[in-house]
Structures are given as C-alpha cells and as structure tokens.
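Taking it in order: structure first as structure tokens, then the write-up.
No value in this document is a laboratory result; all are computed from the given coordinates. All of these numbers come straight from a predicted model, not from anything done at the bench. We place every Cβ from the backbone using ideal geometry, glycine too, and count neighbours over all the protein chains shown.
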Amino acid sequence: MALRTWAKEFAGGTVSTAMARLNARHPWSHNDHFHSWILANLPQRRHAALDVGCGRGDLVTALSPRFTAVHGNDRDEEMRRHATARCAGLPNVTIDGDPWTETDGRFDLVTMIAVLHHLDVAGALAQVHRLLEPGGRFLAVGLAPPRSAADHLWDLASIMTNPVIGYVKHPWPSAETPAPPFPVKDPTMPLDDLREIVLDVMPGATIRRRLGFRHTIAWTKPD
C-alpha cells in the first residue's frame, strides 16, 4: 500500500484530493467492470452456475439467460435482499445465504468477484474444485495488497488510469444516487503468495494483474 499512501500525501494531499473529486464526478464500479470478462470466458457446458458473494445480483442477472440454472449466494442479509428483488422476474435464479461450501450441487461455472480475500483461500479453492463439473470453469476477480515492484507499477497504472476509465464510461458528471455499499475487507495476501496457493489447488490456472487494482483468476477443471 506504500505507493497509494505516497500518492495521498504527495504535494500536501492536493493532487490526491483533486483526483478523488474527479473520480467522484465520473464513478465506475471496478467489480462490475469485469462482468464482461466473465461473460467472454464462460464454459462450453452451461447447465448450472454459482456466484459466491453475489452482492446485489448484477452478475447473477447477466448469467441468467446463459445458463439453465443460476444460484447466487451471499452471507450479507442486505445484499441478499437487493439480489432477490433484482432477480424477482428470473425463474431460473435462486438466492440464499446458506454456507455455499456445504452444497451438494455440481456446477459448470463458479464465480467470485472481490470475494476470495474474505475467505480462507486454500479451503475455498478446494471447495470450488469439488463443486465444479469436469470441464467447468472457475472465474474470479480479486484484490491483493502490492508487495513486489511489478505490483507497485500496476498500482501506479491503476491510479493514473482510474479517472480516465471513469470519464470514458461516464463522460457526464454522475447525478445517480449511490447504490448500497458492499461489505468491505482490505486484502492481506500479496498476489505472489496467492498465486502459489491457486496453482497448488488448481494447476494450470491463469492469474493476471488488471487495471482497477484488480487481478483475475481463470481455471478449467480437467475432464
């Protein structure tokens, strides 16, 4: 987090304040931004999908026309309430807050957006491995604190491009009422450490740094 701290304090904080005002005028959801990446990387077989930490149900809604059944799971009651209302007209969607690791179902897709750092990583990945059908895909978007030089460079790129992406997505100042905030937890596991655990549980997984202070994980369970 050192670069982010330095950016906030640089020039007495005036630059950071100006950037924050610009970002607030042209806001964009760093998590929702990756829905298109998930939709572009779906498995060939599309019977059942599970979105862990489904939040307000936006990704579940996007997956609904592409799968026979879609299940959204979130332990936060407020998020489940919004997701249930969001998906009320979708008969193939279910939302609940039961422990997702205890389900006996099998899925062709398991997704997590900004969720994995809330969980015991190795245990959660092992459960995903168990729940996926052969040929099924795990697609995750995550956060990790910067540690290596490469991490800090990507952090700098994200800081610089954040307002640009916001302006492209929303060229006019936003007048929308902010949506209910997601439950937030700062990540503690650096990406290099996360990569070791992911590759141990899911050999051949692809882990890539992304703009927007995010990384992605993609893995297909062998047949």
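The separation of region 28-90 from region 186-223, counted between C-alpha centres, amounts to 20 Å. The distance between label points at Arg195 and His129 comes to 2.0 nm (points 7 Å beyond Cα on the Cα→Cβ vector).
Site pair Ala122 and Leu211 shows an inter-label distance of 3.7 nm when each label is modelled 7 Å from Cα along Cα→Cβ. Label separation (Asp96 vs Leu153): 4.7 nm, computed from points 7 Å beyond Cα along the C-beta direction.
The packing ranking, built from the mean of other Cβ atoms within 10 Å per residue, places the peptides 102-115, 37-50 in the order 102-115, 37-50, highest first.
Rounded to the nearest 0.05, what FRET efficiency do Arg106 and Arg75 have when you use their Cβ-Cβ distance and R0 = 22 Å? That pair, Arg106 with Arg75, gives E of 0.50.
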